[in-house]
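Participant: Just dropping this structure here.
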Amino acid sequence: MLRPAPFELAEVDLGECLVDQAPLVVACERLAGDLLGGEQAELADFLADLTESLVRRLLDLAARLLEAPLAVFLGLLTHALALGVDVYAGYGMSESAPLLCLAQVKSADLVGDPEKAIDIRTKAGIPAPLVDIRLVDTDRNEVPHDGHTPGEVVVRAPWLTQGYVDNAEASEQLWAGGYLHTNDIGVIGPGGYLRIVDRIKDVIKTGGEWVSSLQIEDLISQCKGVSEAAVIGVKDDKWGERPLALIIRDAETADDLSDTQIKAHLRAFADAGVISKFGIPDRILFVKTLPKTSVGKIDKKALREKYGKV
């Protein structure tokens, strides 16, 4: 008879498993063994192997998505929709417990335009019921919802956390001005859909504008010969900050890739109005590796420490 099993996987840090999967193997073996009480060893081994295989595949997919450029993510989403899987993004944080938005397509936007529907589904989405979302500038003035003007996402809802335990200063900063500050930068279009463009700590403040490091990275990754890219802000006496791009060349196709080519690639987007001219980096460095966090994301803090004064 099957006995209730303690949820062994709850003890495993799945983020750490993206780097070291050994704890996952042990947890799967314990889970299967407990489910069967050790009475059916062969079936227990089978369940352990099956569970391990499935979770490994999920972790592998997660790792690839964390490092994937937007174009790859869009390709996976398009394929999922073609298979009848209803995929859409959401947005929230621990302090919001967690839901704030869902990118479900409004009936008015179901106009038979697949590209528009996919664009909507990859946004943060529209506010959930009882959620009040604003975008504000550094002086806490609300910015227009024109789809282009960025601002910090601040929110109100009945279920938001009221503060941090034993940290009155951080709690006060969290609720400065009467709204919870997410530290995310976003834009809202006329249709009401929110799109997150960067984190405050990563956004580049240059020429009186906020430049999204993530957007510049995505555009650079579309340039032939680029394997991986990271963009950080470095101090500049004239403009406050300027973007610095760190690029890993594709080993097979990018022997002759130059900073001039990258700048020309980005200038085309600036001329088309996709990005500001201030988003084109003054300097581009080609590197062998980029530091990563435990969950596979580019470690911007480490990059700023190493290259911030270059």
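No lab work stands behind these numbers, since they all come straight from the coordinates. Treat the numbers as computed from the prediction; the structure is a model and nothing was measured. Every residue, glycine as well, gets a Cβ built from its backbone with ideal geometry; the counts of neighbours run over all protein chains shown.
Participant: What are the residues in region 253-310 that are assigned to a loop (DSSP other than H, G, I, E, B), of a type in the set (S, T, N, Q) and either surrounded by 12 or more Cβ atoms within 10 Å (Cβ to Cβ) or in contact with a helix residue (DSSP H, G or I) (Cβ under 6 Å, 6 or more places away or on another chain) (or both), if any? It would help to see each step written out before you state the result.
Facilitator: Pass one, region 253-310, residues assigned to a loop (DSSP other than H, G, I, E, B): 253-258, 272-276, 280-282, 287-291, 293-297, 299, 308-310.
Still in the list and also of a type in the set (S, T, N, Q): 253, 258, 276, 289, 293-294.
Hits for region 253-310 are THR253, SER258, SER276, THR293, SER294.
Participant: Suppose we keep only residues that are buried (at least 17 other Cβ atoms within 10 Å of the Cβ) and closer than 20 Å to THR138 by Cβ within region 215-238. Which one would you say is nearest to the chain's Cα centre (by Cα)?
Facilitator: GLN215
Participant: Looking at PRO190, PRO129, which is the one that is surrounded by fewer than 16 Cβ atoms within 10 Å (Cβ to Cβ), within 18 Å of GLY92 (Cβ to Cβ) and of a type outside the set (S, T, N, Q)?
Facilitator: Working: PRO190 fails: within 18 Å of GLY92 (Cβ to Cβ).
Just a single option satisfies the conditions, and that option is PRO129.
Participant: Give the residues of region 193-214 that are of a type in the set (Val, Ile, Thr), within 14 Å of VAL154 (Cβ to Cβ) and either touching a His at 6+ places or on another chain (Cβ under 6 Å) or surrounded by 16 or more Cβ atoms within 10 Å (Cβ to Cβ) (or both), sorted by residue number.
Facilitator: Of everything in region 193-214, just one residue is of a type in the set (Val, Ile, Thr), within 14 Å of VAL154 (Cβ to Cβ) and either touching a His at 6+ places or on another chain (Cβ under 6 Å) or surrounded by 16 or more Cβ atoms within 10 Å (Cβ to Cβ) (or both), namely ILE196.
Participant: Tally up the residues in region 197-247 that are within 21 Å of GLY273 (Cβ to Cβ) and part of a loop (DSSP other than H, G, I, E, B), please. Working first, answer last.
Facilitator: Quick first cut of region 197-247, residues within 21 Å of GLY273 (Cβ to Cβ) only: 197-198, 203-223, 231, 239, 242-243, 245.
Filter again for part of a loop (DSSP other than H, G, I, E, B), leaving 203, 207-208, 212, 222-223, 239.
Counting residues in region 197-247 that are within 21 Å of GLY273 (Cβ to Cβ) and part of a loop (DSSP other than H, G, I, E, B) gives 7.
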